[in-house]
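Before any comments, here is the structure.
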Amino acid sequence: MREGRPANRKRRRTKVPLWRWRSNPIRRRDDVLEAWLVLAIWVLIAVGGTVAGLVTAHAADQVFAQQRTERIPVPAVVLDDVPRTATGMGRDLASAKVRWTTSDGATHSGMTLLTTGRKAGSTVRIWIDAQGKLTTQPPTPTKAAVEAGLFGASAALALSGVVFGIGSAGRWYLDRRRIRQWDREWTMVGPQWGHKTS
């Protein structure tokens, strides 16, 4: 003869989907507000964060592409010696004066960073903008894609952090309001249940 199983062994936990929106006697208005607030937070984080990230990455990529088209490399002559430093840490850079000629034949000079150890009179490659002024080397397409992705991820995280912070503040306010309501109701109902203990 088989022994009977205890009745509570087969008990399953009942999950009620969307319980905050279902009508029930203990649901409060603040519960529904909190449910909508949480839903809005997650939608804004998922959709808004994605859109912010994509828009920022696309804008950064366009800026980098524009830099690649506007900036051109030109040869320049180093005017002063760039002494070698004794730090011995990777690529040492130092500020040096250089002279270059633009496509219209005008000669310009300015300060730029060069690797140390260069002698006066040596030729280096520098980058200039459309006005012929010194500028930095534009990022390569690969580096630009990586940087645009980082900018996009940063924008998505920043927006998500702001939305999450505002949502947390809203939930904190709703919790405080619920506690005040429960306190008022307990003050009215509690004495009807008997004597208060001190």
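Laid out as a table, the results:
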| item | result |
| --- | --- |
| Residue within region 177-198 that is touching a residue at least 12 places away in the same chain (Cβ under 8 Å) and buried (at least 16 other Cβ atoms within 10 Å of the Cβ) present | no |
| Region 109-147, subset β-branched (V, I, T) and not in a strand (DSSP E or B), residue nearest to V51 (Cα to Cα) | V146 |
| Of all residues in region 60-70 being touching a residue at least 40 places away in the same chain (Cβ under 8 Å) and surrounded by fewer than 16 Cβ atoms within 10 Å (Cβ to Cβ), the one that is nearest to Y173 (Cα to Cα) | A65 |
| Complete set of residues in region 110-135 that are open to solvent by 70 Å² or more (accessible area, probe 1.4 Å) and either polar (S, T, N, Q) or touching an Asp or Glu at 6+ places or on another chain (Cβ under 8 Å) (or both) | R118, K119, T123, A130, Q131 |
| Failed item, numbered, when T101 is tested on (1) farther than 16 Å from I126 by Cβ; (2) modelled with pLDDT under 95; (3) of a type in the set (S, T, N, Q) | (1) |
| Condition broken by S198, with the remaining ones in (1) at pLDDT below 85; (2) assigned to a helix (DSSP H, G or I); (3) of a type in the set (S, T, N, Q) satisfied | (2) |
| Some residue of region 148-164 being part of a strand (DSSP E or B) and surrounded by 14 or more Cβ atoms within 10 Å (Cβ to Cβ) | no |
| Failed criterion for A94 (all others in (1) at pLDDT 85 or above; (2) in a strand (DSSP E or B) hold) | (1) |
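The values are calculated or read from the model by the stated rules, or taken from the named source; none is laboratory data. As the structure is a prediction and not an experimental result, all values here were calculated from the model. Ideal geometry is used to build each Cβ from the backbone, glycine not excepted, and the neighbour counts take in all protein chains shown. Remember, those area values only see protein heavy atoms, side chains included, never the ligands or the DNA or RNA. Shrake-Rupley method; radii C 1.70, N 1.55, O 1.52, S 1.80 Å.
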